[in-house]
1. What number goes with the only condition from (1) at pLDDT 95 or above; (2) open to solvent by 20 Å² or more (accessible area, probe 1.4 Å); (3) part of a loop (DSSP other than H, G, I, E, B) that Val136 does not pass?
2. With closer than 20 Å to Arg84 by Cβ, among the β-branched types (Val, Ile, Thr), modelled with pLDDT of 95 or more and touching a Phe, Trp or Tyr at 6+ places or on another chain (Cβ under 6 Å) as the only criterion, which of Val281, Val210 stands out?
3. In this structure, does Thr127 turn out to be β-branched (Val, Ile, Thr), in contact with a helix residue (DSSP H, G or I) (Cβ under 9 Å, 6 or more places away or on another chain) and in a strand (DSSP E or B)?
4. Does Val105 satisfy being on the phi < 0 side of the Ramachandran plot and in contact with a Ser or Thr (Cβ under 8 Å, 6 or more places away or on another chain)?
5. Quick check: anything in region 199-212 more than 18 Å from the chain's Cα centre (by Cα), of a type outside the set (S, T, N, Q) and open to solvent by 30 Å² or more (accessible area, probe 1.4 Å)?
6. What number of residues within region 85-130 are acidic (Asp, Glu) and over 23 Å from Cys165 (Cβ atoms)?
7. Among the candidates Thr186, Thr161, single out the residue that is among the polar types (S, T, N, Q), touching a strand residue (DSSP E or B) at 6+ places or on another chain (Cβ under 7 Å) and closer than 24 Å to Ile316 by Cα.
8. Just to check your reading of the model, which residue among Gly174, Gly155, Gly185 is modelled with pLDDT of 95 or more, surrounded by 24 or more Cβ atoms within 10 Å (Cβ to Cβ) and either over 22 Å from Thr277 (Cα atoms) or in contact with a Leu (Cβ under 8 Å, 6 or more places away or on another chain) (or both)?
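The values are calculated or read from the model by the stated rules, or taken from the named source; none is laboratory data. Fair warning: this is a prediction, and the values are worked out from it, not measured in the lab. Counting neighbours? That spans all protein chains shown, and the Cβs are built from the backbone with ideal geometry, glycine included. Please note that ligands, DNA and RNA were not included when accessible areas were found on the heavy atoms of the full protein model with its side chains. Shrake-Rupley method; radii C 1.70, N 1.55, O 1.52, S 1.80 Å.
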Amino acid sequence: MSAEFADTHTSRGHDTPHDGIDESATESATEPATVSPVSTPTPASTPTPTPASSFHLTAGRAADGPYALDVSPEKAGWGYSSLRILDLPPGGDHSFATGDSEWIVLPLSGGCTVRTDGPGGGTFELTGRESVFSGVTDFAYVPRDAQVRIASPGGGRFALTGARCERRLPARYGAASDVPVELRGTGTCSRQVNNFGAAGVFDCDRLIAVEVLTPGGNWSSYPPHKHDECRPGEESELEEIYYFEIAAAHGTAGLGYQRVTPSGHGRGTDVLAEVRTGDAVLIPDGWHGPSIAAPGHDMYYLNVMAGPGAQRQWLICDHPDHGWIRTTWPQQPVDPRLPLYEAPAGDPR
């Protein structure tokens, strides 16, 4: 783990990480993954664990300049995935160079205009949304090796999801009406997945990104799963970032919990974190899940993934102790609170 995040943990209430469980499938594919057998590493191959505080970034801890959160490959100590959270006041604007990464500009609240220069550039008016709990949003893809300007007459919060890549694809607009909204799991494992940047849905070189909404009291990213090995046809090697927003209720800010346990690969990632709005959890490896929404407080998280594979795929492996939970889903109804919302029927413009 990069020194950028390694030794600056600030405790907040009872969010001190503990030891313990696994994490579930990153909510990003449109089809459930097949459970694959996992070999148990020998003691000699077991990695030295990295402190849990290196992976749980409480709100503000990874702020940098104009960004409320700035996770880059250099800061995370990995090769591909990036996430920036940008807050703009009414009439505000921000410019940045995409460098060696492709990016999706995703409104979390408010709307904006995105302009990018160079071959294959363009200007895109994003309607956006009131909040992550109010509806599906439109978005803009911007390529590597470009200059980008984001301007917001009304102000807002915007996620910049990025991945180092090789191909320079054209800038494009993503309509909210084209985002597949998936209901995954049943019973208390029910959740909603907005597959705006999923593999097979929207074309990118390496970037995979989706949104997950979990009703209060439910578990998502469950059963715990991993994607930290390249096993062709069975598992992808993907670094992942979780960014959280938690709905307030009765005048009280919400909270949730995120678990990651070692898989025997990589850094031995082991995290149990109390998460609140603005927090992020970095997952270079390990079983991740569950993501637990406290009763009364719906949970949102944005998943950003990328990796070295020759194919852009989201292939996961369920934890062998917990994958059986999938067999119970056909006998249970989907939580009636879902979907929290659906994609609009067409472009509102």
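1. Condition (2) is where Val136 drops out.
2. Val281
3. Yes; evaluated as a whole, the condition is true for this residue.
4. no
5. No: region 199-212 contains no residue that is more than 18 Å from the chain's Cα centre (by Cα), of a type outside the set (S, T, N, Q) and open to solvent by 30 Å² or more (accessible area, probe 1.4 Å).
6. Matching residues across region 85-130 total 4.
7. Result: Thr161 is the single residue among Thr186, Thr161 that is among the polar types (S, T, N, Q), touching a strand residue (DSSP E or B) at 6+ places or on another chain (Cβ under 7 Å) and closer than 24 Å to Ile316 by Cα.
8. Gly185
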